[in-house]
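These notes concern the structure reproduced below.
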Amino acid sequence: MTATQWIFPAPLSPQAESACLSLAQALVLPPILTRLLWQRGIQQLPTAQHFMQAEADQLPSPFLLRDMHQAVERLDRAIERGEKILLYGDYDVDGTAAVALLYRFLRGRGATLDYYLPDRYREGYGLSSTGVAYARDTGVDLLICLDCGIKAHATIQEARDHGIDVIVCDHHLPDEQLPPALAVLDPKRPDCDYPHPDLCGTGVAFKLAQAYALAQGLPEAHTEHLLDLVLVATASDIVPLTGENRILARLGLRRLNEQPQPGLAALIRRSQRVPPLTVSDVVFGLGPMINAAGRLGDARDAVRLLLAPDVAAAAPLAQHLEAQNDTRKSVDRAMAEEAKALFLARADWEERASIVLFRPDWHKGVVGIVASRMVDWFQRPSVILTESEGQIVGSARSVRGIDLHGAVGHCASHLSNYGGHRYAAGLTVKTGQLAAFQQDFERLVSETLDSTSRVATIELAGELDLSEVDFDFWRQLQRLAPFGPGHRQPIFYSKAVRSIGAVRLLKGQHLKFDIDRPGQSPLGAIAFGQGAHWAAVSQGTFDVCYTLRDNYWRGTHHLQLQVRDIRVEK
């Protein structure tokens, strides 16, 4: 496998450098951070001030979403008449958080509510006929699809045939024709001019709650307590953390750290994450435990947790999800190693542009995670498939340079259904079409990607003098947070550094060491997966690229370098 390529920032022109220095003075920021803003297209003082403020008054009107007026009017009528409303969500973090968010909000308005989460194995993704039958049999008048529904043409028509109105709150790419719902709220609708099309499903549900509150003249307090749920879904669904998503994440982090929902508070305790929590804490700590419910068990367990009235009631549910997540880790590690071995067993694996693997006994709940691991290992678009209910189903993940949804769509003749976005997709392969799909997908990817796309890369923000790294710099860096997709945490680099003291090798894979700073205290560093560099780090100088983190240990905060890669002069 090829060594990681460092991509250095392009040098600024003298005029741009002068503008960055002026911006640094006006914002009271270190110049390296204003250069970072410049690289990301934030180059004027008003734009930078607006970016760094990121408050609720910058959120666009929810009524800019097409069909929002119809959705609010129908929702209001259902509440006024005491009609039964069913919240139908996907089984992942985004779907379960959306159900919990709208349930909490509408319960406060006196609505008659129920919720439904499909079984991943028996029903699969989206609005199922089983779910529609449940709505019919329980007397539902209004069904709201959350994080699903945009492609559920047939089942939405089934609901209509039973006299059930449907509102879709989704964020996935629609077909050329929209489903026959009463209202379709989706910022990716081609006829929707909403300024921020990258909301997650929970984000769309929040806009519906926000619109209803505005229509009723309710104060912001009726929706602001839901923002921690929006954050958890936004972070876990890996949508771009730009524009409105960044504002929602910032407000949600504030809520999560100050007054979280009881269920989230219980999860924080189980995760042993130390506040103030960041987006990374959500992605790697809370999100996987919520996701574990739908991956290995019943997604309703996640909703029950998120609707718990207090931490005492939430605690056993959080413990249950933690145990499920521990099981999930064991399953996905074993599956990933099997998939890796299966791919490496191919005589032509080095020449393959894509990875498509199938085993009928693989666990459906973790195929997406395994696909992501294969992308990390081999830098190729990866499709991991298994058998479920007599069908070949699975998940795909991509690399830069490939629009995965488009690539899978070009192979649609071999699929009974598919959906997703640029970097992730779900699909079902028609009976007898697996080999043809594999061949067409490989051909398409090989024609699209060049060889550089198969090289792991690290985009660097700039060179940082380690003598400048202190908590004042850390606080200034946090003014640019939260970080995530589309606004990545900056990766800095430093040249010719030297370790001081012992270099510890952890589990044969990771390094923990201190970097010498003459005249200052050493700076701690942790380098996951860099064990091969133990001798070099122990004995000489090396270049290092890293992110910064506030490491809380035994009652004390320490700045630490989280090393991404190490370079040694040969």
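The numbers here are math on the coordinates, done by the rules we state, and not lab data. Note that this is a predicted model, so its numbers are computed, not measured. Please note: Cβ atoms are built from the backbone with ideal geometry, for glycine as well, and neighbour counts cover all protein chains shown.
Computed quantities for the displayed model
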item	result
Exposure proxy ranking, count of Cβ atoms within 10 Å, fewest first, for 467, 236, 499	467, 499, 236
Distance between the range 205-281 and the range 39-59 - C-alpha centres, whole angstrom	20
Listed residue (358, 434, 424) projecting farthest to the positive dipole end of the range 346-454, Cβ model	424
Degrees between helix 201-216 axis and first principal axis of the chain (Cα, 0 to 90, nearest 10)	60
Beta bridges by DSSP in the chain, antiparallel share as percent, to the nearest 5	60
Pairwise Cα inverse-distance average, inverted: Kirkwood Rh of the range 346-454 (Å)	13.6
Gain upon complete extension [residue 5, residue 478; 0.36 nm per residue less C-alpha separation]	167.6 nm
Exposed chymotrypsin sites (Phe, Trp or Tyr not before Pro) absent: longest stretch of the chain, with sites in DSSP loops and at most 14 other Cβ within 10 Å deemed exposed	122-348
Zero-based 5 Å bins, Cα pair distances in the range 195-242, whole percents	5, 22, 28, 22, 16, 6, 1
Cα centre as origin, Lys/Arg/Asp/Glu Cβ charges: the chain dipole, Debye	1280
Calculated FRET efficiency for the pair residue 528/residue 323, C-beta based, R₀ 22 Å, to 0.05	0.30
Dmax and Rg, reported as Rg then Dmax, of the range 62-320 (C-alpha, Å)	16.9, 51
Dipole of the range 94-187 [Lys/Arg +1, Asp/Glu -1 at C-beta], most positive-end residue of 145, 115, 130	115
GluC sites (Glu not before Pro) lying in DSSP loop within the range 14-114, provided at most 11 other Cβ fall within 10 Å	55
Rounded to 10°, Cα long-axis angle of helix 93-107 versus longest principal axis of the chain	50
Over the range 71-145: Rg over Rh, Cα atoms, Kirkwood Rh	0.97
Angle between the chain longest axis and helix 367-378 axis [Cα atoms, degrees, rounded to 10]	30
Separation in nanometres of the label points that stand 7 Å from Cα toward Cβ, at residue 558 and residue 443	5.7
In the range 108-152, trypsin sites (Lys or Arg not before Pro) in a DSSP loop with at most 10 other beta-carbon atoms within 10 Å	122
Förster radius 41 Å - calculated FRET efficiency between residue 458 and residue 410, Cβ distance, rounded to 0.05	0.85
Dipole magnitude of the range 346-454 about its Cα centre (Cβ charges: Lys, Arg +1; Asp, Glu -1), debye to nearest 20	220
Ellipsoid equivalent to the range 1-97 - semi-axes via the Cα gyration tensor, in Å	46, 22, 11
Dimensionless Rg ratio for the chain, taking C-alpha atoms and the 2.2 N^0.38 Å reference	1.00
Mean shadow area of the range 155-243 over all directions, Cα convex hull, nm²	7.0
For the range 381-430, the spread of Cα positions along each principal axis, largest first, Å	33, 19, 13
